[in-house]
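Participant: Got a structure for you, questions after.
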Amino acid sequence: MDAARASKVDELMEQASAALAQADYFETEKLCARALLAARKAGDFELMSRVVLPLQEARRQRRHEADD
C-alpha cells in the first residue's frame, strides 16, 4: 500500500474513532466503509482487519438502539 493511501485510511479511521466515541454510529459506519474500500483497493488485508472492528461495533450499536 502506498503511503498516501495508508495516510487517507488512517485519517478516516481517526475520524471514525472520534465519531464512535461521540455515539455517532451512522457517521462511524460511513467513515469505516470508506476506509474499508480504500484498504481493499490497495489489497491491504491487514489494514482491512483493523477497520472492520469499529465498523462492526457501530453496526451493533445501531441495532441495539433500534431494539430500544
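Participant: With springs only between Cα atoms under 10 Å apart, run a GNM on the chain and tell me which of GLU29, GLU46, GLU57 wobbles the most.
Facilitator: GLU46
Participant: Turning to a different aspect of this structure: Most fluctuating residue of LEU53, LEU36, LEU12 in a GNM of the chain with Cα springs under 10 Å: which is it?
Facilitator: LEU53
Participant: Lys and Arg at +1, Asp and Glu at -1: add these up for the other residues within a Cβ distance under 10 Å of TYR25 and post the number.
Facilitator: Here the charged neighbours net out to 0.
Participant: Using a 1.4 Å probe on the protein chains only, how many percent of the accessible area of the chain belongs to carbon and sulfur?
Facilitator: Roughly 49 percent, rounded to a whole number.
Participant: Right, something else. Connecting C-alpha atoms closer than 10 Å in a GNM of the chain, tell me which of ALA33, ALA58, ALA18 has the biggest fluctuation.
Facilitator: Among ALA33, ALA58, ALA18, the largest mean-square fluctuation in the Gaussian network model of the chain belongs to ALA18.
Participant: If I model a spin label at GLU27 and ALA6 as a point 7 Å from the Cα along the Cα→Cβ vector, what separation in nanometres do I get?
Facilitator: That separation, rounded to one decimal, is 2.8 nm.
Participant: Apply the Kirkwood formula to the chain: the hydrodynamic radius equals the inverse of the mean of 1/r over all pairs of different alpha-carbon atoms; give it in Å with one decimal.
Facilitator: One over the average 1/r among Cα pairs gives 11.9 Å for the chain.
Participant: While we're here: To the nearest Å, what is the center-to-center distance of the stretch 48-67 and the stretch 1-32, using C-alpha atoms only?
Facilitator: 13
The values are calculated or read from the model by the stated rules, or taken from the named source; none is laboratory data. What you see is a predicted model; the values in this text were computed from it and never measured. Positions of Cβ are backbone-derived with ideal geometry, glycine not excepted, and every protein chain shown enters the neighbour counts. Note: areas computed on protein heavy atoms with side chains; ligands, DNA, RNA excluded. Shrake-Rupley method; radii C 1.70, N 1.55, O 1.52, S 1.80 Å.
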